[in-house]
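Here's the structure, in structure tokens; my notes come after.
The values are calculated or read from the model by the stated rules, or taken from the named source; none is laboratory data. Everything numeric here is computed off the predicted structure, so don't read it as measured data. FYI the Cβ positions are ideal-geometry reconstructions off the backbone, even for glycines, and counts take in every protein chain you see. These accessible areas exclude ligands, DNA and RNA; they are computed on the full protein's heavy atoms, side chains included. Shrake-Rupley method; radii C 1.70, N 1.55, O 1.52, S 1.80 Å.
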Amino acid sequence: MNKRIKQQIAFWVLRIMSSLVVLFLVLILGFIITKGIGVISWKFLTTMPENGMTEGGIYPAIVGTFCLVGGSMLFAFPIGVMSGIFIHEYAPNGFFKRFVQLMTNNLAGVPSIVFGLFGMSLFVNKLHFGDSILAGSLTLGLLVLPVVIRVTEEALKSVSDSFRLASYGLGANKLQTIWRVVLPIATPNIITGLILSIGRVSGETAPILFTVAAYYLPKLPTSIYDQVMALPYHLYVLSTSGTDIKASRDMAYGTALVLVMIVLLANLLANALRKYLGKKVKMN
Amino acid sequence: MYKIESKNVNLFYGDHHALKDISLQMKANTVTALIGPSGCGKSTYLRLLNRMNDLIDNVRIEGEVLIDNKDIYARGIKIDELRKKVGMVFQKPNPFPKTIYENVAYGLRVNGVSNKNYIEERVTRSLQNAALWEEVKDKLKKSAFELSGGQQQRLCIARALAIEPSILLMDEPASALDPLSTAKIEELIYELKDKYTIVIVTHNMQQAARVSDRTAFFYLGELIEFNDTKEIFTNPNNQRTQNYITGRFG
């Protein structure tokens, strides 16, 4: 076989494989949209579930998911970013640094249901937070902590050392160099990571199962010690253990669609923000 | 009295003996060129003078490096103070992703200057001294990345000048530039000599001959020959210097 034909074959195999990826994504999206779009309405998004969750809306689940996303980010973002900065910029190469990195990677590999159990035993029981937004947010925060740390490390790694040297050469110390030069350059990538982890958090079910999620709670939370409904758990309930699974089937697809849209929007926002910040950083 | 003086300096990267017993003296307001093949220690020697080598793990330094008769490796020396006095320009232009103005102002800001008028005056003066003012005076708020490579390097020089150093270290400052930009940098070096003591590392023999008063030839971590540039290039004492400058190795 001559090399031109080989190249053609390789090219087509690669093209078909990447088309498959797109195909599945489009199929899933198309499936959820066609099944779910029928129930989407302003009322669906803004009212309480009614009649054993077979009618009405999913408002409390949307609010609950936003609470959990916000709470977990409030917890994971500062700790994760600062850890990432410490590991990449400060920790001397050696045992401690490698140990922390190993642990972070292992933490990222722990199944989310285990985080759920841990969150229940520590936050819900031991610390007496009860089933609450606080306990759920902390558990979800722990889950994405390794992601935030890794993203921060990678973002810092991609900042060329020539900028650091230039800054030191002008008499800046380490903190000034990190704060004024390195972080502004790394911020677009860090933000992207943050938003991607929002996508992850909003879709997780297992960690909130034992720590916050309510089966049916048609009211909005008033404090961080309240339970809330959340979209992924609501979806699970509607499709497996609702009062009338057949009757709530459409509601389930609608819920799935809303969840997917939130994640999709988060990703689009991440892209737009990265582009915007990338431009802005050159101007400052 | 010398501006810069090193006495029997040895430098080790781990087990690697990178500088061997280097003693060199440089007078104020002169240009000293450091030449030699790659890996000979000339850049290491340059970075010794503003303690940039401190940033590398496992570096050990013996001997004395005096600037204005003070040992810069003595206890109690503040590195930021030292680097304020000893500016540095790198091989590849490395302006910050900030505006032209903020690039030049950076050194002042990190050293605690907050007087707006003073900063503005220093920025203007530094850009003038770096022969860049005419080209950028109407776009100080534009990104430094919009400048050409040669302009970026002159911006880096302006950035170094802004904090009023008395010594300027240049690590192959023109090696990434086209001939026209290189000529501009060389012209600039010639002008800056009035106010600054300049040490320049270069791979370009003609450049060393054109811009420097004194030349030091390094080879395998040793200082082989140090003399007036004219002597080095017309009448070298050492055979290895002769071989290097005539291009027989390197």
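Points worth noting:
Here's the yes/no breakdown for (1) part of a helix (DSSP H, G or I); (2) among the acidic types (Asp, Glu); (3) away from chain B (no Cβ under 14 Å):
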{"position": "A:98", "(1), (2), (3)": "yes, no, yes"}
{"position": "A:122", "(1), (2), (3)": "yes, no, yes"}
{"position": "A:137", "(1), (2), (3)": "yes, no, yes"}
{"position": "A:154", "(1), (2), (3)": "yes, yes, yes"}
{"position": "A:168", "(1), (2), (3)": "yes, no, no"}
{"position": "A:192", "(1), (2), (3)": "yes, no, yes"}
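- Considering A:246, A:279, A:219, the condition of being within 30 Å of residue B:141 (Cα to Cα) and of a type in the set (D, E, K, R) is satisfied by A:279 alone.
- Among residues of the stretch B:178-223, those that are outside any helix (DSSP H, G or I), in contact with a Pro (Cβ under 9 Å, 6 or more places away or on another chain) and without any contact (Cβ under 8 Å) to a residue 60 or more places away in the chain, counted: 0
- The residue that is modelled with the lowest pLDDT, among those in the stretch A:42-70 that are closer than 16 Å to residue A:231 by Cα, open to solvent by 10 Å² or more (accessible area, probe 1.4 Å) and polar (S, T, N, Q), is A:54.
- Only one of the numbered conditions (1) open to solvent by 50 Å² or more (accessible area, probe 1.4 Å); (2) touching a Gly at 6+ places or on another chain (Cβ under 6 Å) is not met by residue B:69, and that is (2).
- Looking at A:255, A:192, just one residue is at pLDDT below 90 and either in the same structural domain as residue A:116 (by TED's automatic domain parsing) or open to solvent by less than 10 Å² (accessible area, probe 1.4 Å) (or both), and that residue is A:192.
- In the stretch B:208-217, the residues that are open to solvent by less than 60 Å² (accessible area, probe 1.4 Å) and under 11 Å from residue B:31 (Cβ atoms): B:208, B:211, B:212, B:213, B:215
- Residue A:270 being in contact with a Ser or Thr (Cβ under 8 Å, 6 or more places away or on another chain) and touching a residue at least 60 places away in the same chain (Cβ under 8 Å): yes
- Residue check for residue A:216: in a loop (DSSP other than H, G, I, E, B), over 18 Å from residue A:57 (Cα atoms) and touching a residue at least 24 places away in the same chain (Cβ under 8 Å): no
Here's the yes/no breakdown for (1) crowded, with 21+ Cβ neighbours inside 10 Å; (2) at pLDDT 95 or above; (3) at the interface with another protein chain (Cβ under 8 Å from one of its Cβ atoms):
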| residue | (1), (2), (3) |
| --- | --- |
| B:92 | no, no, yes |
| B:104 | yes, yes, no |
| B:115 | no, no, no |
| B:125 | no, no, no |
| B:130 | yes, no, no |
| B:134 | no, no, no |
| B:148 | no, no, no |
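- Residues of the stretch A:71-111 that are polar (S, T, N, Q) and surrounded by 19 or more Cβ atoms within 10 Å (Cβ to Cβ): A:72, A:83, A:104.
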